[in-house]
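Enquirer: So that we are looking at the same thing, I have put the structure below in structure tokens.
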Amino acid sequence: MALMPKRVKHRKVQRGRIKGNASRGNRVVFGEFGLQALEPGWLKAQTIEAGRIAATQYVRGEGRLYIRVFPHRSITSTPLETRMGKGKGEPEFWVATIRPGTILYELSGVSEQQAKICFARLAHKMPFKVRMVARR
Amino acid sequence: MAEIFNTKKRTETGTLRMRRLRAAGQIPAVLYGHGQTTQHLILNASEVHAALRHGKMIVKLQGDFNDEVLIKDLQWDLLGSNVLHLDLARVDAEEQIELKVHVELRGVAPGQNEGGLVTLHAHEVEIRCSPQSLPDKLQVKINELHLGQTLLAKDLPLPPGVWMLSDPELMIVSCFEPGGEQDEESAESPAEPELIGRAKRETEDEG
């Protein structure tokens, strides 16, 4: 099942704007290699899950995958063929707000070559440009 | 062999001038320590990146300054691609320095073939040593690491003249069976999260 918060203060939030670069969550902390976002955007909970499945199928039993982002923000939508008005729509899905520089996933216990292949598979699922970075 | 940085004395300061400097393939730096005056200098970006790639912490300065220095601090840009600024501290051959060095695993653990997953818990350890005996990284051989075993900081083989400052009981590497992937796809998981305020208000109304 896709990730979702257990408890929230508000079911619906305003759309907001993604400004600037990531000033936290932009370093590889847990593993040796990380996948870094280069563009801003929303990352759906389903996409995070799809990436997790793609990566764990590759590193199964050898390495460990860390997910560094969590979908905290709900996105609402109104049903089709609905007349204007009647208030804000219902929450449809959950997203993580991503700024350029955010580390999305991390890998440990694998070689650089394996990490490169694994992140290439994972990058296909991402809705924005990403790159592999090493711990420094 | 220590890396060599060609240096030039820097008289300019300020954001705009430093931005132009970086665009020209140079990096601003500052040199301090040993009670001498603080100096501003210019380094070559390619030399700095080469030293960092090789994991060198002690470098020799040539040109306008001739010192042996320790790379004390690094300032990176937001994406972590380029070095913006370096802090260099003067060191003596007899001096003892304390710093963190990277831990690198070498070999293949037999525990991996027994179904274990090797996890590196501490990527860095703190050591004390003289600049001459400073290792680029601490290499840990895991050829004897079987399933269910761990290596602590006190188990690490240190080169001569190097002392461990980290907690001796600090776990460096372990080999355990990987925890089962929990499929959280259960019928009990709610479709929507619980509202924090509402639950509180309902209990107040009941009271």
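No lab work stands behind these numbers, since they all come straight from the coordinates. Only a predicted model underlies this, so the values are computations on that prediction, with no experimental measurement involved. Cβ: placed from backbone, ideal geometry, glycine included. Neighbour counts: every protein chain shown.
Enquirer: By how many degrees, between 0 and 90 and to the nearest 10, does the Cα long axis of helix B:196-206 differ from the longest principal axis of chain B?
Expert: It is inclined by approximately 40 degrees.
Enquirer: Taking a spot 7 Å from the Cα of residue B:98 along the direction of its beta carbon, which residues of the stretch B:110-147 have an amide N less than 11 Å from it?
Expert: B:126-129
Enquirer: Sticking with this structure for a sec: Distance check, please: which entries in A:116/B:154; A:19/A:44; A:44/A:86; B:9/B:72 exceed 29 angstrom between their Cα atoms?
Expert: Among A:116/B:154; A:19/A:44; A:44/A:86; B:9/B:72, the Cα-Cα distance tops 29 Å for A:116/B:154.
Enquirer: In addition: Tell me which residues come under 5 Å, amide H to amide H, from residue A:105 once H is placed; ignore anything under 5 positions away on its chain.
Expert: Under 5 Å from the amide H of residue A:105: A:35, A:68.
Enquirer: How tilted is helix A:45-59 with respect to the longest principal axis of chain A? Cα atoms for both, answer in degrees (0 to 90, nearest 10).
Expert: Around 20 degrees separate the two axes.
Enquirer: On to the next question. By counting other Cβ atoms within 10 Å of each Cβ, how are A:66, A:58, A:105 ranked from fewest to most? Please list the in-between numbers first.
Expert: Numbers: A:66 15, A:58 20, A:105 25.
Least crowded to most crowded, the residues run A:66, A:58, A:105.
Enquirer: How high is the relative contact order of chain B, given as a whole-number percent (alpha carbon pairs under 8 Å, six or more residues apart)?
Expert: It rounds to 16 percent for chain B.
Enquirer: Counting helices only, and only those DSSP H runs with n ≥ 4, report the 222 nm mean residue ellipticity of chain A as the sum of -39,500 (n - 2.57) divided by its residues, in deg cm²/dmol to the nearest 500.
Expert: Values: 2 runs with 27 residues, N = 136.
So the calculated ellipticity at 222 nm is -6500 deg cm²/dmol.
Enquirer: Here is a further query. With each run of n ≥ 4 DSSP H residues scored as -39500 (n - 2.57), what mean residue ellipticity at 222 nm is computed for chain B after dividing by its residue count and rounding to the nearest 500 deg cm²/dmol?
Expert: -4500 deg cm²/dmol
Enquirer: With θ set to phi - 60°, apply the Karplus curve 6.51 cos²θ - 1.76 cosθ + 1.60 along the stretch A:71-78 and write out the HN-Hα couplings as whole Hz, x wherever there is a Gly or Pro.
Expert: These are the phi-based 3J(HN,Hα) values: x, 9, 9, 8, 10, 9, 8, 8 Hz.
Enquirer: Over the alpha carbons of the protein assembly as shown, what is the largest minus smallest coordinate on each principal axis, giving the biggest first in Å?
Expert: Principal extents (largest minus smallest coordinate, Cα): 76, 56, 48 Å.
Enquirer: Once you have the Kirkwood Rh of the stretch B:10-159 from its Cα pairs, apply Stokes-Einstein at 37 °C and 0.692 mPa s and quote D in µm²/s.
Expert: Reported coefficient: 183 µm²/s.
Enquirer: Here is a follow-up. Give me the net charge of residue A:125's neighbourhood, meaning all other residues with Cβ under 11 Å from the Cβ of residue A:125; Lys, Arg count +1, Asp, Glu -1.
Expert: Taking every Cβ under 11 Å from that of residue A:125, the sum is +2.
Enquirer: Between residue A:81 and residue A:113, with labels modelled 7 Å along Cα→Cβ, what's the label distance in nm to one decimal, could you check?
Expert: Result for the modelled spin labels: 5.7 nm.
Enquirer: Still on this model: How far is it, in nm, from the label point at residue B:147 to the one at residue A:57 when both lie 7 Å from their Cα along the line to the Cβ?
Expert: Once both label points are built, they end up 2.7 nm from each other.
Enquirer: Please determine, in degrees from 0 to 90 and to the nearest 10, the orientation of helix A:112-123 with respect to the longest principal axis defined by the Cα atoms of chain A, where the helix direction is its Cα long axis.
Expert: 20 degrees
Enquirer: Follow-up question, since we're still on this one. Going by amide H atoms built from the backbone, whose H comes under 5 Å of the H on residue B:97, apart from near neighbours?
Expert: For residue B:97, whose amide H was placed from the backbone, the distant partners under 5 Å are B:129, B:130.
Enquirer: Right, something else. Seen from all sides and averaged, what is the projected area of the convex hull of the Cα atoms in chain A, in nm²? Please list the in-between numbers first.
Expert: On the way: hull surface 39.0 nm².
Computing the convex hull of the Cα atoms and averaging its projections yields 9.7 nm².
Enquirer: How much length would be gained if the chain were fully extended between residue B:164 and residue B:37, taking 0.36 nm per residue of separation minus their Cα-Cα distance, in nm to one decimal? Walk me through the intermediate numbers first.
Expert: Details: separation 127, 0.36 × 127 = 45.72 nm, distance 3.19 nm.
Here the segment from residue B:164 to residue B:37 would lengthen by 42.5 nm.
Enquirer: Give the separation of the Cα centroids, the stretch B:1-80 to the stretch B:147-170, in Å.
Expert: 32 Å
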